[in-house]
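Engineer: Here you go, one structure.
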Amino acid sequence: MRSVRKAPAPGEPDEEHLVRLVAAGDRAAFEELYRRTAPWMAVRLRRRCADEQIVAEVMQETYLAVWRAAGAFAGASAGGTAVGWLWTIAARRLVDAFRRRAHHAEPPPAAALADAAPAAEEEALAVTVGGDVGDALRRLAPELRQVLQAMVLDGLSVRETAVLLGLPEGTVKTRARRARIAMRKALT
């Protein structure tokens, strides 16, 4: 299931225009941008993290970063979208939150590692994609699964996936191709 964003009504500014207005300090534009994007952002974050506290923190950090850095948004001139830019900020904040949590957590005892629960990503994947396709997807190497998940399940472009994962675009394309080939093999 994909999260769905509504297109702006005729005459309303699109998200890119709203980001430009936010860069100029327009508080009403920021509130409108938040109203339009926060619901689907929360859904996407919850797909990757079941901890509501982390999701709330990431949402707050994301929109604070948007307010502060809206002037840095390059927009369509650089091949990006406002929505992709927002998601990239949120995804990086989520990764940072996971790193902070891992840094402060005590390592589990060795016996607990054998019974470890699946990661939030794996749980979300199991709910989102089931059956043979889900099994094949879960058997992919993690680096291939990340690319496929970002591009197919999250609907990001090659460029947005590259930014999200911190990889060159060529690497994203190669991994996406390898993932598709592996999925095709697993499903035939």
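Engineer: Solvent-accessible area of ARG180, probe 1.4 Å, all protein chains present, reported in Å² to the nearest ten, please.
Structural biologist: Probe radius 1.4 Å; accessible area of ARG180 about 120 Å².
Engineer: Just add up the charged neighbours of GLU143: K/R +1, D/E -1, any other residue whose Cβ is under 10 Å from the Cβ of GLU143.
Structural biologist: Once positives and negatives cancel, what remains is +3.
Engineer: Excluding ligands, DNA and RNA, what is the solvent-accessible area per residue of the range 12-99 at a probe of 1.4 Å, expressed in Å²?
Structural biologist: Working: 4200 Å² over 88 residues.
Each residue of the range 12-99 exposes 48 Å² on average to a 1.4 Å probe.
Engineer: What is the calculated FRET efficiency for ARG184 to ASP96, with r their C-beta to C-beta distance and R₀ = 35 Å, to the nearest 0.05? List each step's numbers first, then the result.
Structural biologist: Values: r = 35 Å, r/R0 = 1.00.
After rounding, the FRET efficiency stands at 0.50.
Engineer: Is the shape of the range 139-188 rounded, prolate or oblate, going by the alpha carbon gyration tensor and its root eigenvalues a ≥ b ≥ c, with a/c under 1.5 for rounded and a/b larger than b/c for prolate? Mind showing how you got there, number by number?
Structural biologist: On the way: a/c = 2.15, a/b = 1.82, b/c = 1.18.
It is prolate, given that a/c is not under 1.5 and a/b is the larger ratio.
The values are calculated or read from the model by the stated rules, or taken from the named source; none is laboratory data. Here the structure is a predicted model, which means the values were calculated and not measured. Cβ atoms come from the backbone with ideal geometry, glycine included; neighbour counts cover every protein chain shown. Areas reflect the complete protein model, heavy atoms only, side chains present, ligands, DNA and RNA absent. Shrake-Rupley method; radii C 1.70, N 1.55, O 1.52, S 1.80 Å.
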